[in-house]
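Presented below is the structure to which this report refers.
Read-outs: derived from the displayed coordinates by stated rules, not from any lab. All figures in this text were calculated on a predicted structure; none of them were measured in a lab. When we count neighbours, we look across all protein chains shown, and the Cβ atoms used for this are built from the backbone with ideal geometry, even at glycine.
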Amino acid sequence: MSEKVKFTLEYEIRSSSKILFSFISEPNGLSEWFADNVKIKDHVYTFIWDDGEEQKAKLLSIKENKLVKFHLLDDEPYTYFEFEIIKDELTNDVALMVTDFALPENLKERQAIWDIQIDTLLNVIGA
């Protein structure tokens, strides 16, 4: 069985770090683009989709206006997904770095899913 490989994607976001952070860390923000409904209890986020699929993720790390890191509870123990906000101090440009893991044979598909998700995020933010 193949091991999952880590990958990172970067997306330019025309938004302030503070606004973007609310969309990657708060249930209301995440339910606008990431899942259809998001609930939180004891640092465990439950992501619910309209098709009935549900995933639970433990919040591993959070840094205000900077980073959110989750571990999917039904996934391998060493994998996670992470949203990191990168702000260029000279130009004030903001980018969102997404780090995730996928099996090598699913890598392109997983990256395409993130592209679609981030496109939805951009539409919601109006960026």
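Please report the base-10 log of the normalised intensity I(q)/I(0) for the chain, using a Debye sum with one equal scatterer per alpha carbon and no solvent, at each q in 0.18 (1/Å).
-1.03
For Glu54, put the label point 7 Å out on the Cα→Cβ axis and report which residues of the stretch 80-123 keep their amide N under 13 Å from it.
Inside the label zone: nothing.
State the extension gain, in nm to one decimal, for the chain segment bounded by Val124 and Glu105, taking 0.36 nm per residue of separation less the distance between their alpha-carbons.
3.8 nm
Lysines near Lys41 by alpha-carbon distance under 29 Å, same-chain residues fewer than 8 away left out - which ones?
The qualifying lysines are Lys4, Lys6, Lys18, Lys56, Lys58, Lys63, Lys66, Lys69.
Extending each Cα 7 Å along its Cβ direction at Lys63 and Tyr78, get the distance between those two points in nm, one decimal.
My value for the distance between the label points is 2.3 nm.
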